[in-house]
Every structure is written in C-alpha cells, then in structure tokens.
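A.B. asks: Below you will find the structure I want to go over with you.
A short reminder: the numbers here are calculations on the coordinates, not readings from a lab. Predicted, not measured: the structure shown is a model, and the values here were computed from it. Note that each Cβ is placed from the backbone with ideal geometry, even for glycine, and that neighbours are counted across all protein chains shown.
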Amino acid sequence: EALDVYYKPQSIHEELCNRNLVTVMTDNIGLVYSHTESHDQALDHFQRALAIFEELGNRAGQAQVIDHIGTVHFQQKNFQEALDHYERARTIYEELGDRAGVAVETGSIANALVRLERYDEARPIVAAYNEMDVFDPRYRVGRCLLNARLLEIDGHIDDAVTKYRDALEIAKEHGLRLEMGNIHEALRDLAKKQNDFAAYIEHNEAFMKITDEVRGREATERMAMQEAERK
C-alpha cells in the first residue's frame, strides 16, 4: 500500500516536471525498501534521490537522504560506512542550523562508534547527546541503550540494568516491538555474564517471542513487496 501511495504521485510529479517532489517520493520509496531490509533497492532509490537533490542544491534533502543511506549501511553492519554518512549529514544540519537534525545524527554517530567499539570517542558524544532535546520515542529508547551499553562496558552493571529497563518502559509505552526485542536481548546477554539464570530465562523467552513475531511480520511484508513489484 505504501509503494502504491508513493509511486502514483511520483508519476504525476514526473509528468509535471516537479523534480523536487519526484525526489521526495523516490526517497520515500527507498524508505519502504529499507524498512523491509531490501538493501540494494533501498540504496538504489536513495542514490537517485541524492543525485537530484545535489543537482537542485537542496541541502536539507541531501542531509536526509545521506542519513537514510547511513542507516542502510548500519543495517548491513557496515558501521564505518554508516558513521561516515552520519557525520556528513550532521555537518549539513549544522550548516543549516537544524537542531533536531543535529541531535538525530549525534545519536546515530554515537551508536556507530559504540558498534565499532570506539568507546573513548563515543563517550563525549553520548554526553552531548544527553543534553539535546529528543522527542521521538525511538530516539529516546536509543539514547537509553547507548548510556546502558557504556555503563555496562565500564562495569557499572546495576546502573546499566536500570537504563535498559528505562528503555524497555519507553518502548512498551509506545508499542515499539522491535526495540523491545533488542532490549530483552541486551538484558539476556547481561544476565548470562552475571550468571543470573532466572533473569536469563525471563529475557530470553521475551526476546524469542518478539523475534518470532517480527520475523513473521517481515516475511509477510517481503511477500507483499514481491507482489507489488510484479504488479
């Protein structure tokens, strides 16, 4: 349904030569592919969108698409490539004075650095991120997870568990099932390190239940995508 919604106006805007809006629709189509982890198709649409935004001189559009490209690389565990794109996007948002964009990219940069195990570089960035206004619940969950991970690395286990549980409460409140699964996985792994058998079973069962649910949904989405592409 999302593809149908985006492809129809894209065709109309192409006929009317509204290149800026064609590019917005192309980026949105890329997001649909990114959501279903169809990485090649997502990158293809994002690169096309970026090329037109660059030609039009649309800096805000460029930053947005560069961020989306970074996210695809992050999904593929190409964390250095993701970091490079997040830093490019943040530079543009800083030039534009877009504080919300800067905050989002700061969190993404910190996350990539943690995944690269460059903890000393990540700490001051996480500290700066903690001072920024973040309203989207997904980013609030992400910020809690970043802090929890660094506390865990530094050996502050009880504080790390508290942060993970804070993240879990936000995720539950907003129905963020994928994030809930990630948090249960982190708490499960931490319980294993602490030889806390009861907590391990609790969080492993929750993680497996959510993972099976999400995988089933993703399989359904991919089949729907294939049918949409055939049409």
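A.B. asks: Let me understand segment 120-231 better: what is its radius of gyration from the alpha carbons, and its Dmax, in angstrom?
C.D. replies: 16.6, 54
A.B. asks: Can you give the relative contact order of the chain as a percent, counting alpha carbon pairs under 8 Å and 6+ residues apart?
C.D. replies: Reported as a whole number, the value is 10 percent.
A.B. asks: Also: In debye, nearest 20, what is the charge dipole magnitude of segment 66-150 about its Cα centre with +1 on Lys and Arg Cβ and -1 on Asp and Glu Cβ, if you could check?
C.D. replies: 400 debye
A.B. asks: For the chain, what are the per-bin percents of Cα-Cα distances with bins 5 Å wide, up to the bin holding the maximum?
C.D. replies: In order of increasing distance, the bins hold 1, 7, 12, 15, 18, 16, 14, 9, 5, 3, 1, 0, 0 percent.
A.B. asks: On a straight-distance basis, which lysines could pair with LYS193 in a cross-link, Cα separation under 18 angstrom, same-chain partners fewer than 8 positions away excluded?
C.D. replies: LYS163
A.B. asks: In addition: Provide the packing ranking of 139-146, 196-203, i.e. peptides ordered by the mean count of other C-beta atoms within 10 Å per residue, highest first.
C.D. replies: 139-146, 196-203
A.B. asks: Here is a further query. What's the ranking of 96-106, 113-123, 24-34 by average number of surrounding C-beta atoms within 10 Å, highest first?
C.D. replies: Per-residue mean Cβ counts within 10 Å order the peptides as 24-34, 96-106, 113-123.
A.B. asks: State the answer as a single residue: which of LEU43, ALA112, VAL214 lies farthest towards the positive end of the charge dipole of the chain, with beta carbon charges of +1 for Lys and Arg and -1 for Asp and Glu, about the Cα centre.
C.D. replies: VAL214
A.B. asks: Which lysines, on any chain, are close to LYS231 with Cα under 16 Å apart, when same-chain ones fewer than 8 places away are left out?
C.D. replies: Result set, ordered by chain and number: LYS8.
A.B. asks: Determine the principal axes of the Cα atoms in segment 58-120, then give the extent along each, sorted from largest to smallest and rounded to whole angstroms.
C.D. replies: Here the Cα extents, ordered largest to smallest, are 32, 23, 13 Å.
A.B. asks: Moving on to the next point. What is the diffusion coefficient of segment 167-224 in µm²/s, taking the Kirkwood radius over Cα pairs and the Stokes-Einstein relation at 37 °C with a viscosity of 0.692 mPa s?
C.D. replies: 275 µm²/s
A.B. asks: Relative to the longest principal axis of the chain, what angle (0 to 90°, nearest 10) does the C-alpha long axis of helix 197-230 take?
C.D. replies: 10 degrees
A.B. asks: List the relative contact order of segment 1-110 as a percent without decimals, with contacts defined as Cα pairs under 8 Å and 6+ residues apart.
C.D. replies: RCO, segment 1-110: 17 percent.
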